[in-house]
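A.B. asks: Before I ask anything, here is the structure I am working with.
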Amino acid sequence: MPWLSLQSALGLAVIVCIAWGLSERRGAFSTRLVLTGIAIQIGVALLLLKVPATREALLALNAAVDALTKATQAGTGFVFGYLGGGPAPYEVTQPANSFVLGFQALPLVLVMSALSALLWHWGILPKVTRAFAFVLERSMGIGGAVGLASASTMFVGMVEAPLLIRPHLERLTRAELFMMMTVGLASVSGTVLVLYASVLEPEVHGALGQILVASLISLPAGITVARLMVPEGEGFAGTGATHDASLLKYESSMDAVTRGTVDGLYLLLNILAMLIVMVALVALVNIMLGALPDLWGAPMTLQRFFGWAFAPLVWLMGVPASEMQTAGQLMGTKTILNEFIAYIDLAHLPEGALSPRSALIMVYGLCGFANLGSVGILIGGLTALAPSRRSDIVTLGTRAIVSGTLATSMTGAVIGLIT
């Protein structure tokens, strides 16, 4: 609807103004930077989502989701039996209740981690990463070091990406460090793309392609927001890099599979632990809030509070006012807990809770690691790699969760604009 597209266009302008309002140096505002960043986002989104050939190619990626899901189920069924998706030793009367998230869906992270390591060892991912880095450097005017780290984030993750520029981390300016952190929190890694798509596919057509596009167009959004909030010094051309991937190297294909699996296991256990603790904490808060009187005819819950707090932000993305309470709850869940829980909630919304357009906007708006847990992980990883920059990293961490959220909100608004 035209007026909803205008709402998203207004949202883009307001989000840019919010980022500028939070800037450390408002006088350094660059109109060219903002227009370039938005133009790249819109251009890439139109190319990938509106051109029939590329749109069909993205939809075809869902076959990869099915293949990887079935392959993972073969492994989980062998190890965990019917709990992992294998044949049940009894008649299943309620199939919906036989799905066990920890044994059937989450092990997909292990397979993707091993596969990503293998593709890196074979030289496929390094070539793709260097191509993305080249485009970002030329189009956004950033240095080679932060360009390489930003491009590799969507393939190897926000903590692993800085490994590729470890020799340059100590030399990064404060603005470049913030940019790298923002991009890391504004996108998701390849190891979880398929997991999220497998959760969303029943409700969102072409989920893998949509999430891939979301993570891709959030790169220029993250760079734009970061440079607005922490501008670079006048005339600085950016820290260079050799684009050498030797710091992420495997001895053989078997070594890549082994180490990739071990890294995936760490990620899997981290996801499991965070899900258990975060869901339990939310339930605990809701139990305590349940002792309060009903508010406007319904019990007070943390989810309702999130809905009110984030409703203006999702409205700026283009969600109608009648749906912004529901969408705001999803955005709040993503920010306070994590995007995986938010995607699960999105997939299980009652029919009609969100229109197809609003649901698509939220797929894009939720696609990022900008949450409290991820910020802690990012700060810990970066301080281990660059101890001398600890003060800058910790100081910028709290700002990065804001910039990462604004970047994914820009992405959501772009989708609202062209949908």
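The values are calculated or read from the model by the stated rules, or taken from the named source; none is laboratory data. Quantities reported herein were computed from a predicted structural model and do not represent experimental measurements. Here Cβ is always computed from backbone atoms with ideal geometry, including for glycine, and neighbour counts include all displayed protein chains.
A.B. asks: Taking segment 195-215 as the region of interest, how many residues are over 15 Å from residue 345 (Cβ atoms) and hydroxyl-bearing (Ser, Thr, Tyr)?
C.D. replies: Qualifying residue count, segment 195-215: 2.
A.B. asks: So, of the residues in segment 180-213 that are part of a loop (DSSP other than H, G, I, E, B) and of a type outside the set (A, V, I, L, M, F, W, C), which turns out to be nearest to residue 266 (Cα to Cα)?
C.D. replies: Applying the filter and picking the extreme gives 189.
A.B. asks: From the list 83, 108, 46, which one is surrounded by 12 or more Cβ atoms within 10 Å (Cβ to Cβ), under 30 Å from residue 13 (Cα atoms) and of a type outside the set (D, E, K, R)?
C.D. replies: Sole residue among the options that is surrounded by 12 or more Cβ atoms within 10 Å (Cβ to Cβ), under 30 Å from residue 13 (Cα atoms) and of a type outside the set (D, E, K, R): 46.
A.B. asks: Separate question: Any residue at all in segment 343-359 that's in contact with a Gly (Cβ under 7 Å, 6 or more places away or on another chain) and surrounded by 21 or more Cβ atoms within 10 Å (Cβ to Cβ)? Break it down into steps so the answer makes sense when it comes.
C.D. replies: Initial filter on segment 343-359 (in contact with a Gly (Cβ under 7 Å, 6 or more places away or on another chain)): none.
Among the residues of segment 343-359, not one is in contact with a Gly (Cβ under 7 Å, 6 or more places away or on another chain) and surrounded by 21 or more Cβ atoms within 10 Å (Cβ to Cβ), which makes the answer no.
A.B. asks: Within segment 153-179, take every residue that is of a type in the set (Asp, Glu) and in a helix (DSSP H, G or I) and give me the one that is nearest to residue 374 (Cα to Cα).
C.D. replies: Residue satisfying both the conditions and the ranking: 176.
A.B. asks: For the subset of segment 46-83 comprising residues that are more than 24 Å from residue 191 (Cβ to Cβ) and among the small types (Gly, Ala, Ser), which member is nearest to the chain's Cα centre (by Cα)?
C.D. replies: Looking at the filtered set, the residue picked out is 53.
A.B. asks: Limited to segment 138-152, what total is found for residues that are touching a residue at least 40 places away in the same chain (Cβ under 8 Å), over 16 Å from residue 393 (Cα atoms) and assigned to a helix (DSSP H, G or I)?
C.D. replies: 8
A.B. asks: Conditions first: (1) farther than 16 Å from residue 215 by Cβ; (2) out of contact with any Pro (no Cβ under 6 Å at 6 or more places or on another chain); (3) aliphatic (A, V, I, L, M). Residue 28 passes all but one, so which condition is the exception?
C.D. replies: It is condition (2) that residue 28 fails.
A.B. asks: Can you tell which of 313, 330, 337 is at pLDDT below 85 and within 21 Å of residue 211 (Cβ to Cβ)?
C.D. replies: Exactly one of 313, 330, 337 is at pLDDT below 85 and within 21 Å of residue 211 (Cβ to Cβ), namely 337.
A.B. asks: Let me ask something else. Is it the case, given these coordinates, that residue 374 is under 19 Å from the mean Cα position of the chain (by Cα) and either of a type in the set (Ser, Thr, Tyr) or surrounded by fewer than 19 Cβ atoms within 10 Å (Cβ to Cβ) (or both)?
C.D. replies: Taking the combined requirement at face value, the residue satisfies it.
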